[in-house]
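Right, one structure below, let's go through it.
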Amino acid sequence: MRARAVTLAGALVACLVVSTATGAAEMHRSDATPSADDSPVLTLVTDAGRERLGLAGIESAGLHEAELRHFEGPQGRFTGVRLRDFVARHARSGFERLRLIAADGYTVFLTPEDLAERSYLLATRFQGEPVPADRLGPLMLVVPEDEQAVLAGDPSMTQWIWGIVEIHAR
Ligand SMILES: Nc1nc2c(c(=O)[nH]1)N[C@H]1C(S)=C(S)[C@@H](COP(=O)(O)O)O[C@H]1N2
Ligand SMILES: [Mo]
């Protein structure tokens, strides 16, 4: 019993050391002022139809941010909305499957379970500024809690789709 308690305590300390050492990025609320730019950057397709959204419409879901290093190079502050909040606001009748499509045709599928398990950030800005298409913009998906894992080559990096121009939630 005593040995077991010691083993457990050791495991807890080890976990703490590992999580401190890897320093996974954390997402938190942002104080930034939401964009007022309505020029369309995203096509959203739901059972209710197709709509075009600008940064203003996207950022109205509530801004969050995280400091992280993206494996494509950019290191700094990523600001945007939680994908969970975005679909709650724009696909009110719910969805079975989320499909994100990039300008280069790359596609990522996510389930409601995926969104419940991890905090996906639909990033609209890097270092406070909107992101041009030739720098992974206008929208990119990052998962701050997975930062270190994907930098180490974790297969979940395939979910970090950049250049997002269309989202289907149906
Ligand atoms: N828009 C877009 N996002 C993307 C990809 C892509 O081809 N296009 N490739 C994905 C895959 S498969 C991986 S492993 C990572 C890194 O892609 P890279 O190794 O081609 O840079 O980004 C992901 N995001
Ligand atoms: Mo990949």
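The values are calculated or read from the model by the stated rules, or taken from the named source; none is laboratory data. All values derive from a computational prediction rather than experimental measurement. Note that each Cβ is placed from the backbone with ideal geometry, even for glycine, and that neighbours are counted across all protein chains shown. These area figures cover heavy atoms from the full protein model, side chains too; ligands, DNA and RNA do not enter into them. Shrake-Rupley method; radii C 1.70, N 1.55, O 1.52, S 1.80 Å.
Between Ala103 and Arg52, the simple label model (points 7 Å from Cα in the Cβ direction) yields a spacing of 1.5 nm.
Sparse packing (at most 14 other Cβ atoms within 10 Å of the Cβ) combined with a DSSP loop state is found for the following chymotrypsin sites (Phe, Trp or Tyr not before Pro) in segment 78-136: Tyr106. Per residue, the chain exposes 55 Å² of solvent-accessible protein surface, assessed with a 1.4 angstrom probe and all protein chains in place. Within the assembled protein chains, the solvent-accessible surface assigned to Ile101 is about 30 Å², based on a 1.4 Å probe.
Remark: segment 90-104, residue by residue, has Karplus-estimated 3J(HN,Hα) of 9, 10, 4, 7, x, 7, 8, 8, 9, 10, 10, 10, 9, 4, 8 Hz, where x stands for each Gly or Pro and the curve is 6.51 cos²θ - 1.76 cosθ + 1.60 at θ = phi - 60°.
With r as the distance between the Cβ atoms of Ser156 and His28 and R0 = 22 Å, compute the FRET efficiency 1/(1 + (r/R0)^6) and round to 0.05. About 0.55, to the nearest 0.05.
Of the accessible area of the chain, computed with a 1.4 Å probe over protein heavy atoms only, carbon and sulfur atoms account for 52 percent. Using alpha-carbon pairs under 8 Å, 6+ residues apart, how would you state the relative contact order of segment 53-122 in percent? Once divided by the residue count of segment 53-122, the mean separation gives 29 percent. Between Leu110, Leu121, Leu42, the GNM of the chain built on Cα springs shorter than 10 angstrom shows Leu110 fluctuating the most.
Take the Cα of Glu166, step 7 Å along the line toward its Cβ, and report every residue of segment 115-140 whose backbone nitrogen sits under 16 Å from that point. What the label zone holds, given the 16 Å backbone N cut-off, is 138-139. Entry note, the chain: relative contact order of 25 percent, from Cα contacts under 8 Å with a spacing of 6+ residues.
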